[in-house]
Amino acid sequence: MQKLKHLSQSIIHRVKQAWLFPRSMVTAVKQWRRQTVVNEREAERIDRIRNPSKYLGKG
């Protein structure tokens, strides 16, 4: 009986993972895009600190 219970729980878990996989991929892509924007902004910020003469008179 325990083996049957364990098997059914295992099957349910796999089905749930398969069902949630597309959503997790969308979330991962969104997070990747956000992180890319953050990295670009941080790179510009660091560049402004290292080379202030390039940015004189700009925003």
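Using the 1.4 Å probe convention, the accessible area of the chain works out to 102 Å² per residue with neighbouring protein chains retained. Across the stretch 18-23, computed HN-Hα scalar couplings (Karplus, 6.51 cos²θ - 1.76 cosθ + 1.60, θ = phi - 60°) run 5, 5, 8, 4, x, 5 Hz from first to last residue, x flagging Gly and Pro.
The values are calculated or read from the model by the stated rules, or taken from the named source; none is laboratory data. All values reported here derive from a predicted model rather than from experimental measurement. We work out accessible area using only protein heavy atoms, side chains counted, and drop any ligands, DNA or RNA first. Shrake-Rupley method; radii C 1.70, N 1.55, O 1.52, S 1.80 Å.
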